[in-house]
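Student: Quick one: structure below, then a few questions.
The values are calculated or read from the model by the stated rules, or taken from the named source; none is laboratory data. This is a predicted model, so every value here is computed, not measured. Please note: Cβ atoms are built from the backbone with ideal geometry, for glycine as well, and neighbour counts cover all protein chains shown.
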Amino acid sequence: MKKFIAEFIGTFTLVLFGTGVAVITGDPLFTALAFGLSIIASAFVIGNISGCHVNPAVSLAMLIDKRISLKDFCGYVVAQIAGAFAGSGLLYFLLKNTAVKTIQLATNGYGEASVANLTLVGAIVLELVLTFIFVYTVLGVTKDESKSNVAPFAIGLTLALVHLLGFYLTGTSVNPARSLAPAVLMGVNEIAFKQVWVFIVAPLVGGAFAAAVFRLLNTTKVKAAVKEEKVEEKVTVKKATKKKSK
């Protein structure tokens with residue numbers, strides 16, 4: 001249960017500050033920093049409890065890489081979605097109590113909902129690529145315990161980086177929970193809700209693909225290391241046999 005509570009808190013923080021700064025400033029740099037700094041802070045606080053996934057795409061990749069069980073995956077996703085709704089809900093409440101007439105919650109979109117008028121195909125490709133890069137980074141820096149001190153910074157900076165590219169194109173999702181909550185709260189008749197399937201499916205596929213590639217490359221490395229070890233073992237045995245025969 002502690003893991004799920006940690007994921008709730010982490011996702012709540014990410015969505016509140018990330019989307020909040022996006023709405024208030026409308027600036028890609030500040031938004032990227034908000035998302036990046038949120039994940040860095042959360043990683044240091046809840047990383048040792050849940051791993052600080054705060055993203056269903058990351059949790060799916062961890063499931064595929066056999067780092068979490070199916071039961072934990074389901075619990076993580078529920079907690080992440082709940083945290084995202086709590087973060088978006090609080091942001092909505094805060095904006096309601098301002099002079100802002102038209103409330104926006106930093107929803108993701110394509111076509112007319114995209115600042116750059118990115119097409120549907122473009123949005124799918126972009127989210128696949130950005131999520132792949134982000135999730136692959138997470139898998140890589142969390143695999144080796146010796147990198148635990150720098151992992152939060154690597155993950156946070158990568159999240160900031162993908163936001164810089166995607167800000168004016170789709171608003172950058174790479175996180176189904178972060179996209180679902182604002183879209184639902186904006187209303188089922190709004191364009192954000194009608195388009196949100198892209199920002200759920202594409203990140204999940206991107207995360208799964210990252211996990212598959214990561215397992216493929218690392219399995220190859222393991223096999224090569226085992227093969228090398230066996231060769232060295234054979235050489236040692238041969239040398240020992242020669243010494244005995246002398």
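Student: Can you tell me which residues in region 99-119 are touching a helix residue (DSSP H, G or I) at 6+ places or on another chain (Cβ under 6 Å) and farther than 11 Å from ALA192 by Cα?
Tutor: ILE103
Student: Among the candidates ILE133, ILE124, single out the residue that is touching a helix residue (DSSP H, G or I) at 6+ places or on another chain (Cβ under 9 Å), at pLDDT 95 or above, part of a helix (DSSP H, G or I) and more than 16 Å from VAL58 (Cβ to Cβ).
Tutor: ILE124
Student: Just checking, which of PHE30, PHE17, PHE12 is hydrophobic (A, V, I, L, M, F, W, C), within 28 Å of VAL115 (Cβ to Cβ) and within 15 Å of the chain's Cα centre (by Cα)?
Tutor: Only one candidate qualifies: PHE12.
Student: Does region 132-153 include one or more residues that are under 21 Å from VAL23 (Cα atoms) and either surrounded by fewer than 16 Cβ atoms within 10 Å (Cβ to Cβ) or among the aromatic types (Phe, Trp, Tyr) (or both)?
Tutor: Scanning region 132-153, I find no residue that is under 21 Å from VAL23 (Cα atoms) and either surrounded by fewer than 16 Cβ atoms within 10 Å (Cβ to Cβ) or among the aromatic types (Phe, Trp, Tyr) (or both), so the answer is no.
Student: What's the total number of residues in region 154-211 that are touching a Ser or Thr at 6+ places or on another chain (Cβ under 9 Å), surrounded by fewer than 17 Cβ atoms within 10 Å (Cβ to Cβ) and aromatic (Phe, Trp, Tyr)?
Tutor: Residues flagged as touching a Ser or Thr at 6+ places or on another chain (Cβ under 9 Å), surrounded by fewer than 17 Cβ atoms within 10 Å (Cβ to Cβ) and aromatic (Phe, Trp, Tyr) within region 154-211 amount to 1.
Student: Which one of THR102, THR158, THR172 is modelled with pLDDT under 95 and under 21 Å from ASP27 (Cβ atoms)?
Tutor: Only one candidate passes the filter, namely THR102.
Student: Give me the helices (runs of 4 or more DSSP H) completely within region 20-115, filtered to those with at least 2 residues that are surrounded by 24 or more Cβ atoms within 10 Å (Cβ to Cβ), in contact (Cβ under 8 Å) with a residue 12 or more places away in the chain and polar (S, T, N, Q), ordered by residue number.
Tutor: Of the helices (runs of 4 or more DSSP H) lying wholly inside region 20-115, those with at least 2 residues that are surrounded by 24 or more Cβ atoms within 10 Å (Cβ to Cβ), in contact (Cβ under 8 Å) with a residue 12 or more places away in the chain and polar (S, T, N, Q) span 28-50, 70-96.
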